[in-house]
Amino acid sequence: MFFILITGLLLGGTYALIAMGLNLQYGVARIMNLANGEMLVAGGFAAFWVYTAGQVSPIAALIVVAPVAFVVNWLIYRIMLRPLVKRAKSRGALEVDSILATFGLSFALVGIMSWMFGGGYFNYSYLAQRVDIFGSSYGQNRVVAFSIASLIAAGLWLWLSYTRAGLRMRAVAVSPESARLVGIDVTAVSALAFGLGGAVTATGGALISMFFTLDASVGVLFTMKALIIVIMGGVGDIRGTIVAALILGIAETFVARVIDPGLTLAAAYVLFLGILLFRPQGLFGKKPT
Amino acid sequence: MSTRDIRNLILSALAFGVVALLPFYDTGYILSIATTMAMFTVLATSWALFSGPTHYISLATAAFFGLGTFVTGYGFQTMPYWSLPMIAAVLGAGLAGLVGMVTLRLSGVYFVIFTLGLAELVRQLVTWVQNRTGQRGMYVLTSITESHIYWQLLGMAALVFLVGWLIGRSRLGFALRIIGNDETVAKHSGINTALAKVLLFMVSGAAAATVGAMLAPRYIYIEPSTAFAPLLSFQVVIMALLGGTGRLWGPLAGVIPFTLLWEFISRHAPNQTLLLLGLAFLLIVYVLPGGVVGLQARLKRRFGQGGH
């Protein structure tokens, strides 16, 4: 039981990072990014490629992966999504447009990635030794991935909570209209948030690829999980995202170990269903008045 | 009924009659493509019945479709064949009702996310049950030929068009159009918005499940991973949106070109079908919002022909 709890927490920590990326994109930039999972897979691919081709540690690869993902996502926002924001008449219209556009992007990315890397699974063995915690042993790569994910998540939280740039971002998340009134460049902040979200997600992908077998089309599964976490924690709520990610990690590990490893999505759905029925505003969200 | 309605009805009946003669001309490749088109016509049109007026994007088609194929797979030996599509319809409507009740009282985003994983969820559950009972995929060996499937689908298409036409004229259709324009207004004018949406979603779920039940004999061998392939949902969305959901015939205008294109690409560059799908989505958002129907409306306005 204790073993399941720790394994779940380790998994949940990485999920938290991925969901934080999505939350920045959805909460601040107001773009429901369904190509988020593909960004994750691309990050994983990059780590895989760097490790197998150059024997460079996937952790060192983050120094390149994160900035590249930032630039790519920033450009995606400026070129693809900004026109949609501009032409949208309502929040609902923007949602439909961005869902369709990012679905398009997602399929195009899967197509390109399976063309570049083939359709097969890919994984590599990095830090595959075991490490003992409280009498049970865990994969070292999982522990390392969790630690790095926690560091980045903590840094992001501090940055959002205590810096001016973070404050601007939170202001846009709460209300873009009012943020504009106090002199915040909403477009620039949104683009920054979207780029940052993409970078965080790709980092999560590189971390998860250390212990998880990925393939070109697995992205949608991660998008799904990240969306469930964001909704469960409440859109725009970092604390909620972290708690929800840990809950999902534990629930998934529990179902995989105790019932059947093929039912992980079902576990996520049970949580999702509970949220939809009882707290649609998220765990820490306030009821809309 | 106005004379216009009667004229349209007669023209549609004639068109169906002509299309139904196809198996006498060819039972090979052309019929196989036509069957695929008929399948997507039913799926896309019934999808648009719900998503057109409400603007809710449903990605659940594959879940209903898979459910239908499994009904035929389990039932074709023990039950009369004609009853299977009906059982599938009832189950499809039931599943849609459940999903709708949970998600449709909330905003559209929850609905998209929930339906996005629904096919995969049902697949996992079915696989799990099969593993526990020690069962694998199953063979559906029947005397049903491609021509029979084709005629069944045509009948189903006619039914869906008829239902769509009736809904468009009914109070339910009127209510849905108001919901699609402004849900708050709809609520304030006393429309039970959640109920209207759930009812329509059930219609579209029933239709997709029926199509699955009809098509099961075509696949011969059924297993969860092929029956619940999530790609189907996206193909249906793309075809309906390419055609446009503003009119009943809209999806048809997307189904025909896209099926041909898909067929061509999967023959010559099978790895590029996903790229095609992605580009088609982007095309709809950036170039063709409203699909062919929207384009036609814009052209009409520009050249000032055909008064409405």
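Check whether at least one residue in the stretch B:59-74 is at pLDDT below 90, open to solvent by 20 Å² or more (accessible area, probe 1.4 Å) and over 13 Å from the mean Cα position of the chain (by Cα), and report yes or no.
Yes, the stretch B:59-74 contains a residue that is at pLDDT below 90, open to solvent by 20 Å² or more (accessible area, probe 1.4 Å) and over 13 Å from the mean Cα position of the chain (by Cα).
Let me confirm something: among A:LEU277, A:LEU181, A:LEU221, which residue is closer than 30 Å to B:ALA229 by Cα and without any contact (Cβ under 8 Å) to a residue 40 or more places away in the chain?
Of the residues listed, the single one that is closer than 30 Å to B:ALA229 by Cα and without any contact (Cβ under 8 Å) to a residue 40 or more places away in the chain is A:LEU277.
Let me spell it out: the conditions are (1) open to solvent by 60 Å² or more (accessible area, probe 1.4 Å); (2) within 13 Å of chain B (Cβ to nearest Cβ), and A:ILE31 meets all of them except one. Which number is the exception?
Among (1) open to solvent by 60 Å² or more (accessible area, probe 1.4 Å); (2) within 13 Å of chain B (Cβ to nearest Cβ), the lone unmet condition for A:ILE31 is (1).
Taking the stretch A:5-30, which residues are assigned to a helix (DSSP H, G or I), of a type outside the set (Gly, Ala, Ser) and over 8 Å from the mean Cα position of the chain (by Cα)?
Selection gives A:LEU5, A:ILE6, A:THR7, A:LEU9, A:LEU10, A:LEU11, A:THR14, A:LEU24, A:GLN25, A:TYR26, A:VAL28.
What pairs can you find where one residue is in the stretch A:65-86 and modelled with pLDDT under 95, the other is of a type outside the set (Gly, Ala, Ser), and their Cβ atoms are less than 6 Å apart, with a gap of 6+ or different chains?
From the stretch A:65-86, the pairs are A:ALA66/A:THR203; A:ASN73/A:PHE194; A:TYR77/A:PHE194; A:LEU81/A:ILE31; A:LEU84/A:ASP97.
Just checking, does the stretch B:182-191 include any residue being in contact (Cβ under 8 Å) with a residue 12 or more places away in the chain and surrounded by fewer than 20 Cβ atoms within 10 Å (Cβ to Cβ)?
Yes; the residues of the stretch B:182-191 include at least one that is in contact (Cβ under 8 Å) with a residue 12 or more places away in the chain and surrounded by fewer than 20 Cβ atoms within 10 Å (Cβ to Cβ).
Going by the structure shown, is B:ARG247 touching a residue at least 40 places away in the same chain (Cβ under 8 Å) and among the basic types (Lys, Arg)?
It is true that B:ARG247 is touching a residue at least 40 places away in the same chain (Cβ under 8 Å) and among the basic types (Lys, Arg).
Being outside any helix (DSSP H, G or I) and in contact (Cβ under 8 Å) with a residue 40 or more places away in the chain is the filter here, so list the residues in the stretch A:184-218 that pass it.
A:SER209, A:MET210, A:PHE211, A:PHE212, A:THR213, A:LEU214, A:ASP215, A:ALA216, A:SER217, A:VAL218
Within the stretch B:1-24, track down each residue that is free of Cβ contacts under 8 Å to residues at least 12 places away in the same chain and of a type in the set (A, V, I, L, M, F, W, C).
B:MET1, B:ILE6, B:LEU9, B:ILE10, B:LEU11, B:ALA13, B:LEU14, B:ALA15, B:VAL18, B:LEU21, B:PHE24, listed by residue number.
How do the pairs read when you match residues in the stretch B:251-264 that are more than 27 Å from B:PRO53 (Cβ to Cβ) and without any contact (Cβ under 8 Å) to a residue 60 or more places away in the chain with residues anywhere that are open to solvent by 70 Å² or more (accessible area, probe 1.4 Å) and of a type in the set (A, V, I, L, M, F, W, C), using Cβ under 8 Å and keeping only pairs 6 or more apart or on different chains?
Once the first residue is more than 27 Å from B:PRO53 (Cβ to Cβ) and without any contact (Cβ under 8 Å) to a residue 60 or more places away in the chain and sits in the stretch B:251-264, no partner that is open to solvent by 70 Å² or more (accessible area, probe 1.4 Å) and of a type in the set (A, V, I, L, M, F, W, C) comes close enough.
Of the residues that sit in the stretch A:275-286 and are in a helix (DSSP H, G or I) and open to solvent by less than 60 Å² (accessible area, probe 1.4 Å), which one is nearest to the other protein chains (Cβ to nearest Cβ)?
Residue satisfying both the conditions and the ranking: A:LEU276.
Got a sec? Which of B:ALA89, B:ALA96, B:ALA119 is at pLDDT below 90 and of a type in the set (Gly, Ala, Ser)?
Step by step, each of B:ALA89, B:ALA96, B:ALA119 is checked, and only B:ALA119 is at pLDDT below 90 and of a type in the set (Gly, Ala, Ser).
For (1) surrounded by fewer than 20 Cβ atoms within 10 Å (Cβ to Cβ); (2) touching a Pro at 6+ places or on another chain (Cβ under 9 Å); (3) over 22 Å from A:LEU109 (Cβ atoms); (4) more than 14 Å from chain B (Cβ to nearest Cβ), each residue gets a yes or a no:
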| site | (1), (2), (3), (4) |
| --- | --- |
| A:VAL220 | no, yes, no, no |
| A:THR241 | no, no, yes, yes |
| A:GLU252 | no, no, yes, no |
| A:ILE259 | yes, no, yes, no |
| A:ALA268 | no, no, yes, no |
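Sort out which residues of the stretch B:163-206 are of a type in the set (Ser, Thr, Tyr) and closer than 23 Å to B:GLY94 by Cα, and write them in order of number.
Residues satisfying the conditions are B:SER170, B:THR193, B:SER204.
Quick check: anything in the stretch A:202-216 open to solvent by 40 Å² or more (accessible area, probe 1.4 Å), under 28 Å from A:GLY104 (Cα atoms), of a type outside the set (Asp, Glu) and at the interface with another protein chain (Cβ under 10 Å from one of its Cβ atoms)?
No, there is no match, as no residue in the stretch A:202-216 is open to solvent by 40 Å² or more (accessible area, probe 1.4 Å), under 28 Å from A:GLY104 (Cα atoms), of a type outside the set (Asp, Glu) and at the interface with another protein chain (Cβ under 10 Å from one of its Cβ atoms).
Taking the stretch A:33-57 as the region of interest, how many residues are of a type outside the set (S, T, N, Q) and within 12 Å of the chain's Cα centre (by Cα)?
Looking only at that region, the number is 8.
Search the stretch B:134-160 for residues that are over 27 Å from B:ARG123 (Cα atoms) and pair each with any residue that is part of a loop (DSSP other than H, G, I, E, B) and open to solvent by 50 Å² or more (accessible area, probe 1.4 Å) when their beta-carbon atoms are under 7 Å apart and the residues are at least 6 apart or on different chains.
That search, which allows pairs on different chains as well, returns B:SER147/B:THR27.
Say whether the condition of being farther than 26 Å from B:ILE179 by Cβ, among the β-branched types (Val, Ile, Thr) and within 14 Å of chain B (Cβ to nearest Cβ) is met by at least one residue in the stretch A:75-92.
yes
Just give me the residues in the stretch A:230-274 being of a type in the set (D, E, K, R), closer than 30 Å to A:SER175 by Cβ and part of a helix (DSSP H, G or I), in sequence order.
A:ARG239 - this is the single residue of the stretch A:230-274 that is of a type in the set (D, E, K, R), closer than 30 Å to A:SER175 by Cβ and part of a helix (DSSP H, G or I).
Taking B:LEU275 and the conditions (1) more than 10 Å from chain A (Cβ to nearest Cβ); (2) among the hydrophobic types (A, V, I, L, M, F, W, C); (3) under 18 Å from B:PHE234 (Cβ atoms), which numbered condition does it fall short on, given that it satisfies the others?
For B:LEU275, the exception is condition (1).
State all residues of the stretch A:174-186 that are open to solvent by 30 Å² or more (accessible area, probe 1.4 Å) and in contact with a Lys or Arg (Cβ under 9 Å, 6 or more places away or on another chain); if no residue qualifies, say none.
A:ASP185
Got a sec? Which of B:LEU116, B:LEU121, B:LEU162 is farther than 30 Å from A:TYR269 by Cα and not small (Gly, Ala, Ser)?
Every option except B:LEU162 fails the conditions.
The values are calculated or read from the model by the stated rules, or taken from the named source; none is laboratory data. All values reported here derive from a predicted model rather than from experimental measurement. Positions of Cβ are generated from backbone atoms using ideal geometry, with glycine treated the same way; all protein chains shown enter the neighbour counts. Note: areas computed on protein heavy atoms with side chains; ligands, DNA, RNA excluded. Shrake-Rupley method; radii C 1.70, N 1.55, O 1.52, S 1.80 Å.
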